[in-house]
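Report on the following structure.
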Amino acid sequence: MKLLFVADALESFKIYKDTTFAMMREAVNRGHSLSACEPKDLMWQRGQPVTAYVRDITLTGDPHHWFSAVQTAPHERPQALKDFDAVVMRKDPPFDSEYVYTTHLLEQAQREGAKVFNHPRALRDHPEKLAILEWPQFTGPTLVTRDAQDIKRFHAEHRDIILKPLDGMGGMGIFRVKEDGLNLGSIIETLNQGGAQTVMVQQFLPAIAQGDKRILVIDGQVVPYCLARIPQGNEVRGNLAAGGKGVAQALSPRDLEIAQTIGPVLAQRGLLLIGLDVIGDCLTEINVTSPTCFQEITAQTGFDVAAMFLQALEAAHVRSH
């Protein structure tokens, strides 16, 4: 298969932990060819298909210069997305207006015959923080609002809360306010921008001490191990980007129940790969843009997550013909 990865700049990859790199390496092992571009390389013009300035890449095996590209100039090779066997959308958040515009271009490419994973419309329809609203039976006490009074009332009721912006990633912009309510007003102003921005507020879950579990589901099938990201020192966030320590572990019965309920539903909607975030017994987030943790789980358990993903991608390609 000819694969196109739409991702962040290749030069920014930390390949020792990068999930997109793990996908690429496994793809090469299975005999597929690789191309890559960034969202800014996509283009549509009337009368023509959606194209991208792509780089055809090979993996070098050198950790410092991990890929070599045939193209040196950025505008050397415009390529129609429909000419690839699969387009894998792996752009990291922020899920901003530019991200949304990219999904519209990818959706047009789909109308022209491109096979895009995850499905562009499904990416738009499942913003990572808000996707949990559909499964309240799995979440802890949660509030979504712009209103400062709503947040203060929620704090008075639950006493120990987490506040977060809807478009953050890697733990950015997450605050904890305990019973004393210290700085609550200031934190609300920072996050809701005077009522202009919507905020998610959740009851603090003490089980975060055992880790924020990332559970991966590939084409509706649950990966049998999760990565518990455990906060370090006096940090309240378990995110690896915020210094959390990743410990792979088998799924609990509750983890499995959540994943087996949600996974097949979202697979039907075109989400080939999702990452569920679970603290204790509570679902806190559904990651659809570029779920990570492949390398950590594989290194610690021997279960080859990238192989499972590529197998699913190959099967999806066969189904689409």
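Per-residue ellipticity at 222 nm computed for the chain from its helices equals -8500 deg cm²/dmol, with DSSP H segments shorter than 4 residues left out and the rest contributing -39,500 (n - 2.57).
In this structure the amide hydrogen of residue 287, modeled in the peptide plane, comes within under 5 Å of the amide hydrogens of 275, 276, 277, none closer than 5 places in sequence on its chain.
Each Cα pair under 8 Å and six or more residues apart adds its sequence gap; the mean of these over the residue count of the range 2-125 is a relative contact order of 27 percent.
Using a simple spin-label model with pseudo-atoms 7 Å out from Cα toward Cβ, residue 17 and residue 242 lie 1.4 nm apart. Structure remark: mean-square fluctuation, Gaussian network model of the chain, C-alpha springs under 10 Å; the largest value among 25, 229, 46 belongs to 46.
Here the dipole of the chain is about 240 debye; that uses its Cα centre as origin and unit charges on the Cβ of Lys and Arg (positive) and Asp and Glu (negative). Each of the peptides 27-35, 125-133 was scored by the mean count of other Cβ atoms within 10 Å over its residues; in descending order, highest first, they stand as 125-133, 27-35. For the range 18-113, a crude dipole built from +1 on the beta carbon of Lys and Arg and -1 on the beta carbon of Asp and Glu, taken about the Cα centre, is about 200 debye to the nearest 20. Along the axis of the charge dipole computed for the chain (Cβ charges of +1 for Lys and Arg, -1 for Asp and Glu, origin at the Cα centre), the listed residues 68, 170, 94 are led at the positive end by 68.
Counting only DSSP beta bridges with both residues in the range 2-125, the antiparallel share comes to about 50 percent. Candidate values (i) 33; (ii) 22; (iii) 50 were compared with percent of Cα pairs over 31 Å apart computed on the shown model; the agreeing label is (i). Simple rule: put +1 on each Lys or Arg Cβ and -1 on each Asp or Glu Cβ in the chain, find the dipole, and look at 301, 154, 48; the Cα lying farthest toward the positive end is 48. With each label modelled as a point 7 angstrom along the Cα→C-beta vector, the residue 45-residue 235 pair spans 4.7 nm. Computed FRET efficiency, Cβ-Cβ of residue 156 and residue 209, R0 25 Å: what is it to the nearest 0.05? Working from the Cβ atoms, E equals 0.50.
Placing +1 on each Lys and Arg Cβ and -1 on each Asp and Glu Cβ, with no other charges, gives the range 174-235 a dipole about its Cα centre of roughly 160 debye. Tell me which residues come under 5 Å, amide H to amide H, from residue 230 once H is placed; ignore anything under 5 positions away on its chain. Here 212, 245, 246, 247 satisfy the definition.
Using the Cα gyration tensor of the range 2-125, with a ≥ b ≥ c the square roots of its eigenvalues, what is the shape: rounded (a/c below 1.5), prolate (a/b larger than b/c) or oblate (neither)? Cα axes put the range 2-125 in the prolate bin. Roughly speaking, what is the centre-to-centre gap between the range 24-49 and the range 145-210 when only Cα atoms are used, to the nearest Å? A separation of 39 Å, based on Cα centres.
Taking label positions 7 Å along the Cα-Cβ direction at both residue 96 and residue 304, the computed distance is 3.9 nm, reported to one decimal. Among 16, 109, 224, which residue has its Cα furthest toward the positive end of the charge dipole of the chain, with +1 on Lys/Arg Cβ and -1 on Asp/Glu Cβ? With unit charges placed on the Cβ atoms, the residue in question is 109. In percent, rounded to a whole number, the relative contact order of the chain is 18, using alpha-carbon pairs under 8 Å and six or more apart.
Laboratory data are not the source of any read-out in this text; all were calculated from the coordinates shown. What you are looking at is a predicted structure, and each value in this text was computed from that prediction instead of being measured. All Cβ positions, even for glycine, are placed from backbone atoms using ideal geometry, and neighbour counts span all protein chains on display.
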